[in-house]
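Reading through the structure tokens given below for one structure.
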Amino acid sequence: MEASPERVFKVLREFAQSMLSLSFNLGGLLAGTVLTLNLEVLSVSPWAVVLFPCILSIRGAIGGLFSGRLSTALHLGTINTSYTKNTRSFYQLFSSVVVLALLGSILMSSVTVLLGAFLWNATLKDFLEMLVVTVGTMGLSLVFLSPVTVGVSFLAFKHGFNPDVVTYPVTSTAADIVVTLCYVSLLKGFFSGGFGGYVVGLIDVIFLVTALYLALNNRNADEFVKTVREFLLTLIIVTFIVNVTGLLLREIRESVGDRPEIYMVYPALIDTIGDVGSIVGSTATTKLFMGTIRPSLSSMRNHLTEVSISWTASIVMFTIYFASAFAAYGAEVQINPSSFLGEVLATNLIAVSFMVVLVYFVAVLTFKKAWDPDNFVIPIESSIADAVTTVSLLIALLTIP
């Protein structure tokens, strides 16, 4: 059956929005470049390289909660696009994000030190160092990223874009850059001692006091309590998953060494896979709430357009990442272009095919249980996406000659 002009226009419009959203992941190459230029910082302690993708993932999960809830609430009208006078739901959502960031820092450091006790004889001193750096990184990144998330979602909605498609992809890229800069800077500052250590400590104290104040101030607010309670389960699951990601990155480093082209594209790869999952998951949750698809796995056939569009856009972006890294390091380290392109595209094929099924399953399952899918879908998929992308990359690196 021939597609109508309206249908073709809609598909092209969605593809353009997906490409626009995913094009911001080019900023992930900047995060990768920062990481590549500071690889020695990841050697200051055995936990430094493991904790890096953990912080990216936890921050991504919490950012996913924030952007997903904002997008759905804008569609439903429970949050408006005012920067100064918004609804009670908006302020409770923001407060929960701050509190969850602190809880995430504590959980992440605790699980990492437990795993580290078996793998590299981590000590209580390691735990305290991890906690200081993690809390500081999460707190400082919130200062920069919260206004970006709010601004992007409000502007997208005001100008007729779908915030489900635009918000998380744009803000997740900004998060990768900001978190990488914060993490590298705080690692350097903390281990340099003296003034740098005092600055990191001050950031920690300010973040801790702010989170405690917001928790006490909203302890009887139903929406705040519900969000924190529901997301805590997600946060615990995510914390274990992201530590697997960190250990996998450690394995990549031990297996292939410090290949600069791999570290340059790594943040962009995990970012893009997470963004594809967020687009598929966020558009699915909105459709579920609006009643345009049924809460069953068989209804996924009515969502294949969004899947195909976002997947195609991701393949285009992966090809651009390959070209950029090859241009930057091809001559310097004598990269085999066909092998490197094969590694990048194989990573996409493995990771996206897994993630699409996963996010749809989570969206349907949580909706059927009368939970808020926005508290689960993007946070879970963003952290699993990092692990799945890292596993896919490791498989590609070890199997493609």
First in the range 167-194 and within 21 Å of Leu42 (Cα to Cα), second anywhere and of a type in the set (S, T, N, Q) and assigned to a loop (DSSP other than H, G, I, E, B), Cβ under 9 Å, 6 or more apart: Thr180/Asn38; Val184/Asn38; Leu187/Asn38; Leu187/Ser45; Lys188/Asn38; Phe191/Ser45
Phe354 modelled with pLDDT of 80 or more, farther than 29 Å from Met290 by Cβ, out of contact with any Cys (no Cβ under 8 Å at 6 or more places or on another chain) and of a type in the set (Phe, Trp, Tyr): no
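Conditions (1) hydroxyl-bearing (Ser, Thr, Tyr); (2) surrounded by 20 or more Cβ atoms within 10 Å (Cβ to Cβ), marked per residue:
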position: Phe9; (1), (2): no, no
position: Arg13; (1), (2): no, no
position: Met19; (1), (2): no, no
position: Ser23; (1), (2): yes, no
position: Leu26; (1), (2): no, no
position: Leu30; (1), (2): no, no
position: Leu42; (1), (2): no, yes
position: Leu51; (1), (2): no, yes
position: Arg59; (1), (2): no, yes
Index of the failed condition, Leu145 passing every other in (1) assigned to a helix (DSSP H, G or I); (2) of a type in the set (A, V, I, L, M, F, W, C); (3) touching a residue at least 40 places away in the same chain (Cβ under 8 Å); (4) within 28 Å of Leu288 (Cα to Cα): (4)
Flag if Gly60 is under 30 Å from Glu306 (Cβ atoms) and at pLDDT 85 or above: no
Every residue from the range 317-338 that is of a type in the set (A, V, I, L, M) and assigned to a helix (DSSP H, G or I): Met317, Ile320, Ala323, Ala325, Ala327, Ala328, Ala331, Val333
Output for the range 186-234, where each listed residue is within 24 Å of the chain's Cα centre (by Cα) and of a type outside the set (A, V, I, L, M, F, W, C): Lys188, Asp204, Thr210, Glu223, Lys226, Thr227, Arg229, Glu230, Thr234
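Is it the case, given these coordinates, that Ser314 is of a type in the set (Ser, Thr, Tyr), at pLDDT 90 or above and assigned to a helix (DSSP H, G or I)?
So Ser314 fits the description; yes.
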Evaluation of Gly68 against (1) more than 15 Å from the chain's Cα centre (by Cα); (2) within 22 Å of Thr272 (Cα to Cα); (3) in contact (Cβ under 8 Å) with a residue 24 or more places away in the chain (one fails), failing number: (1)
Selection within the range 357-379 - at pLDDT below 75 and either surrounded by 24 or more Cβ atoms within 10 Å (Cβ to Cβ) or in contact with a Lys or Arg (Cβ under 9 Å, 6 or more places away or on another chain) (or both): Asp372, Pro373, Asp374, Asn375, Phe376, Val377, Ile378, Pro379
Flag for Ala174 being under 30 Å from Ser18 (Cα atoms), touching a Leu at 6+ places or on another chain (Cβ under 8 Å) and not polar (S, T, N, Q): yes
Residue ranges of helices (runs of 4 or more DSSP H) in the range 188-291 with at least 2 members closer than 30 Å to Ile335 by Cβ and aliphatic (A, V, I, L, M): 222-256, 260-290
Selection count where residues are surrounded by fewer than 20 Cβ atoms within 10 Å (Cβ to Cβ) and under 18 Å from Leu102 (Cβ atoms), scope the range 136-180: 3
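The values are calculated or read from the model by the stated rules, or taken from the named source; none is laboratory data. Since the model is a prediction, treat every value here as computed from it, not as a measurement. We place every Cβ from the backbone using ideal geometry, glycine too, and count neighbours over all the protein chains shown.
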